[in-house]
Amino acid sequence: MSENENLNQNPEENLNEGEELDNILVLNDEEGNEVEFEFLDLIEYEGEEYVVLLPVEEESEEPGEVVILKLEDTESEDEESYVSVDDEATLNKIFEIFKEKFEDEFNFVD
């Protein structure tokens, strides 16, 4: 992995059908399992929108890892689709933007 060890980038994690409750998103993974994330930020980069999420239930080995997903348009205005980002350079850039915006609120570990 790159210098940003606190990125969770599981390419199999295509998440769809977001349901927002306060700042908690409930997303369905490919197997239809519900996964809860805390919404941290929406970042626009090169004409695309990305969400930065923190898993509510820590299943990852590294606590505090964030998940960055790309927001995709759907035919329904009531539904959003989130897909994983495979390009590590894009993930790194989005994470850098996130770190700059929230440097005073979070304690980042590289």
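Looking across the stretch 68-80, the residues that are surrounded by 18 or more Cβ atoms within 10 Å (Cβ to Cβ) and either more than 26 Å from Lys99 (Cα to Cα) or touching a residue at least 60 places away in the same chain (Cβ under 8 Å) (or both) come down to Ile68, Glu80.
When only residues in the stretch 11-34 that are assigned to a loop (DSSP other than H, G, I, E, B) and at pLDDT 85 or above count, which is nearest to the chain's Cα centre (by Cα)? So that I can check it myself, show each step before the final result.
Keep residues of the stretch 11-34 that are assigned to a loop (DSSP other than H, G, I, E, B), which gives 11-14, 22-23, 29-33.
Now restrict to residues that are at pLDDT 85 or above: 23, 31-33.
Working: Asn23: 13, Glu31: 18, Gly32: 18, Asn33: 17 Å.
Per the stated criteria, the residue is Asn23.
Looking at this structure, is Glu48 surrounded by fewer than 14 Cβ atoms within 10 Å (Cβ to Cβ) and modelled with pLDDT of 90 or more?
Working: surrounded by fewer than 14 Cβ atoms within 10 Å (Cβ to Cβ): yes; modelled with pLDDT of 90 or more: yes.
When the stated conditions are applied, Glu48 passes them.
Being surrounded by 12 or more Cβ atoms within 10 Å (Cβ to Cβ) and farther than 11 Å from Ile68 by Cβ is the filter here; which residues of the stretch 97-106 pass it? Once the filter is applied, which keeps residues that are surrounded by 12 or more Cβ atoms within 10 Å (Cβ to Cβ) and farther than 11 Å from Ile68 by Cβ, the stretch 97-106 yields Lys99, Lys101, Phe102, Phe106.
Could you count how many residues in the stretch 73-94 are at pLDDT 85 or above and farther than 21 Å from Glu36 by Cβ? Qualifying residue count for the region: 9.
The values are calculated or read from the model by the stated rules, or taken from the named source; none is laboratory data. Bear in mind that the values here come from a model prediction, so they are computed numbers and not experimental data. A quick note on method: Cβ atoms are made from the backbone with ideal geometry, for glycine too, and the neighbour counts reach across all protein chains shown.
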